[in-house]
1. Of the numbered conditions (1) more than 21 Å from Asp54 (Cα to Cα); (2) not in a helix (DSSP H, G or I), Leu150 fails exactly one; give the number of that condition.
2. Would you confirm whether or not segment 92-101 contains a residue that is over 19 Å from Asn37 (Cβ atoms), surrounded by fewer than 21 Cβ atoms within 10 Å (Cβ to Cβ) and in contact (Cβ under 8 Å) with a residue 60 or more places away in the chain?
3. Taking the options Gly204, Gly241, name whichever one is touching a residue at least 12 places away in the same chain (Cβ under 8 Å) and in contact with a His (Cβ under 6 Å, 6 or more places away or on another chain).
4. Condition (residue is buried (at least 18 other Cβ atoms within 10 Å of the Cβ), of a type in the set (Asp, Glu) and in contact (Cβ under 8 Å) with a residue 12 or more places away in the chain) applied to segment 144-166: is it met by at least one residue?
5. Test Val160 against the criterion of being within 18 Å of Thr98 (Cβ to Cβ), in a strand (DSSP E or B) and outside the structural domain of Leu30 (by TED's automatic domain parsing), and give yes or no.
6. Only helices (runs of 4 or more DSSP H) wholly contained in segment 175-258 count here; list those with 1 or more residues that are of a type outside the set (Ser, Thr, Tyr) and more than 16 Å from the chain's Cα centre (by Cα).
7. State all residues of segment 111-146 that are closer than 28 Å to Arg220 by Cβ, modelled with pLDDT under 95 and either more than 24 Å from the chain's Cα centre (by Cα) or outside any strand (DSSP E or B) (or both); if no residue qualifies, say none.
8. Which residues, taken from segment 216-258, are polar (S, T, N, Q) and closer than 16 Å to Val114 by Cβ?
Amino acid sequence: MLKRYVLAAAGAAILSAIIVQPSFAQATKLRIGVEGNYPPFSMIAPDGKLGGFDIDIANAVCAQMKAECSFVQQEFDGMIPALNAKKFDLIVASMTITEARRKSVDFSDPYYDVPSRFVAKAGAFADHSPASLKGKTIVVLRNSPRAAYLAETYKDSTIVFAGKETEVYMELAVGRADVGFGSSVVSGEAFLKKPEGKGYAQIGPAIRIGAGSGVGIAVRKDDEALRTQINAALAAFKANGGYKALADKYFDFDISGS
């Protein structure tokens with residue numbers, strides 16, 4: 001499903017060779033909020049360097065904008081408050097665009113979109129309908145669109161929360177939940193392909209929550225100029241083939257959501 005990861009250092013070198021830079025405003029310095037615990041989108045390599053699809057997208061946007069960028073690691077729950085407190089200037093952390101989040105920040109155009117999947121012991125459930133999961137405990141990332149979806153749709157299930165996406169599957173593996181609900185990509189790579197995921201499987205078809213919203217780069221409400229530049233950089237990166245070349249290094253399916 002997923003291809004071998006490319007780390008930020010290697011990715012930056014490759015991206016510099018394929019990016020054709022348009023004309024942007026004078027180079028500036030930007031601080032980017034990232035997580036580092038959401039493989040294959042954001043992770044820390046054994047040498048301590050940040051890598052993953054999010055990190056490489058951030059590097060590509062910075063290269064297009066001719067900006068000098070640095071990364072600031074932040075727990076996901078605190079991303080938006082930290083952005084608005086000016087701890088950093090933008091967020092590139094697989095943040096789904098939602099109406100609730102739009103009240104606090106603005107978003108770029110989407111740079112990817114993948115569906116969600118339920119995960120459970122193989123053969124434990126025929127499907128993931130609310131009737132099938134009635135009375136069962138489902139673990140999901142706290143304060144996420146998926147958590148809101150479960151609260152609305154699975155009223156007869158017990159919903160418990162994890163602080164990180166990877167912890168969803170840790171909680172499932174140790175028996176604190178019957179079912180996990182998360183990214184189809186992350187559940188496959190961070191859990192099902194690992195030893196601790198043996199005997200587990202994705203159940204039922206994929207689910208798109210708020211289809212068409214996708215994942216965007218967040219900026220403060222008063223940074224319309226920056227948002228405009230980011231959108232132009234993303235568009236240029238897609239137009240020159242850089243986006244597809246990067247995505248193909250991680251995925252063997254279309255992650256763009258188009």
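The values are calculated or read from the model by the stated rules, or taken from the named source; none is laboratory data. Predicted model, so just to flag it, every value in this text is computed and none were measured. As a convention, Cβ positions derive from the backbone with ideal geometry for all residues, glycine included, and neighbour counts pool all protein chains shown.
1. Exception for Leu150: condition (2).
2. yes
3. Gly204
4. Looking through segment 144-166, at least one residue is buried (at least 18 other Cβ atoms within 10 Å of the Cβ), of a type in the set (Asp, Glu) and in contact (Cβ under 8 Å) with a residue 12 or more places away in the chain.
5. no
6. Hits in segment 175-258: 224-239, 242-250.
7. Asp113, Val114, Arg142, Asn143, Ser144, Pro145, Arg146
8. Ser256, Ser258
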